[in-house]
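*Asks:* Here it is, the structure in full.
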Amino acid sequence: MGGRITGYLTAIYRELQTIRADLSSLDKRVLKIDRKISQSANARLGSLEENLTSALFSLPDHLRRTMVAAKDLLEEFTATDVSNITGRKRAVESKYLNDLVVLGWMNKQRAGRHVYFSLRATEVKA
C-alpha cells in the first residue's frame, strides 16, 4: 500500500513539474506580448503628445483639463474613467467629452449602454 501511495505522489510531483514549466513558458509569452503592447501604446502616445502639446492651448480650460486626463488613458475610455482622474462628476465629463467629439478632437462609440471615447490623433491640429 505504501508503494502505491509513493507511486501516486511521484506521478503527481512529475505532473506538477510539467505544469510549472508550462506556466513559466506562458509567463514569458505574456511578458513578451505585454512589452509589444506597451511599445505600441508608447509610440502612439508619443506622436499624439507632440500634436497635443501645442494644440491644447487652443481649448478652453475646462476642455483642456478633460483632454489632459484623456491623454493619460489608453485606447478607449469612458466618462467615468476621465472623471476618476479629474475629480469632476461623470455627467460633467460626459458633456465635455461630447463637446470634444463635436470639435473633432475625439471619436465616440456606443456599445450597448456604454459610451466609449478615444482620442482622434490624426485630426489634432496645432
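*Asks:* Before we move on, is L45 assigned to a helix (DSSP H, G or I), of a type in the set (A, V, I, L, M) and modelled with pLDDT under 95?
*Replies:* yes
*Asks:* Taking only pairs six or more apart or across chains, which ones have beta-carbon atoms under 9 Å, a first residue in region 70-97 that is among the hydroxyl-bearing types (S, T, Y), and a second residue that is in a loop (DSSP other than H, G, I, E, B)?
*Replies:* S83/K89; S94/T78; Y96/R88
*Asks:* When residues of region 111-126 are filtered for being modelled with pLDDT under 90, farther than 14 Å from L56 by Cβ and of a type in the set (V, I, T), how many remain?
*Replies:* Residues meeting the conditions: 1.
*Asks:* While we're on this one: Which one is modelled with the lowest pLDDT among residues in region 76-110 that are farther than 19 Å from L56 by Cα, within 17 Å of the chain's Cα centre (by Cα) and surrounded by fewer than 17 Cβ atoms within 10 Å (Cβ to Cβ)?
*Replies:* E76
The values are calculated or read from the model by the stated rules, or taken from the named source; none is laboratory data. Since the structure is predicted, the reported quantities are computational estimates derived from the model, not experimental observations. Quick reminder, even Gly has a Cβ in these numbers, built from the backbone with ideal geometry, and neighbours come from all protein chains shown.
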